[in-house]
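A short worksheet on the structure shown next.
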Amino acid sequence: MHQKEHVAKDGATYTITINESGEEITVTKGTERLGVIDLKRVINPRGPHYYLITVLDLEKCKRIGLGEASLRYHQEVFHQPLTANGDVREGRRSNESQLTREGIIFIQKMRAKEVVEAEDFHNAFSEDE
């Protein structure tokens, strides 16, 4: 398990934890679990391995920099690219396979900051969605 403390934009300290496989990132404050990002490790026979974001559930801790901090910490620990395509769920229990507009904007921002790489997926996260 990999763990670090992070002071968010609201001035509070949060704990970012990544499991050993790199497939789950959790954000907690004290003992309260506030968010989770699930990823799938993809073994690419024609190139580098990477992690695909499959669940983005940060509703209780959005807009304070924890999503970006969590993804950057993942890169720091695992040194492998992160990607996202059009099939990211809002939460683990969600039957929906589409992100909300806020989730789409978050992924776009992470791509602009080169935290998340573009997936070979035509028009993933376009403004039309």
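Just so you know, all these numbers are worked out from the coordinates, no wet-lab data involved. Keep in mind the model is a prediction, meaning the values are calculated, not measured. Glycine gets a Cβ as well: all are built from the backbone with ideal geometry, and neighbour counts include every protein chain shown.
Taking amide hydrogens as modeled 1.01 Å from N in the peptide plane, which residues meet the under 5 Å criterion relative to residue 35, leaving out close sequence neighbours?
Amide H to amide H, under 5 Å and 5 or more residues apart or across chains, residue 35 pairs with 27.
Apply 1/(1 + (r/R0)^6) to the Cβ-Cβ distance of residue 40 and residue 7, taking R0 = 41 Å, and write down the FRET efficiency to the nearest 0.05. It would help to have the intermediate numbers written out before the result.
Details: r = 30 Å, r/R0 = 0.72.
E between residue 40 and residue 7, to the nearest 0.05, is 0.90.
Between residue 117 and residue 21, what length in nm is gained on full extension when 0.36 nm per residue of separation is reduced by their alpha carbon distance? Walk me through the numbers before you get to the answer.
Numbers: separation 96, 0.36 × 96 = 34.56 nm, distance 1.99 nm.
Answer, rounded to one decimal: 32.6 nm.
Amide H to amide H, which residues 5 or more places from residue 54 or on other chains are under 5 Å from it, using H placed in the peptide plane?
Those lying under 5 Å, H to H, from residue 54 are 38, 39, 40.
Through the Karplus equation 6.51 cos²θ - 1.76 cosθ + 1.60, θ set to phi - 60°, convert the phi angles of region 102-115 into ³J(HN,Hα) values in whole Hz; use x for Gly and Pro.
Rounded to whole hertz, the list is 4, x, 5, 5, 4, 4, 4, 5, 5, 5, 4, 8, 6, 8.
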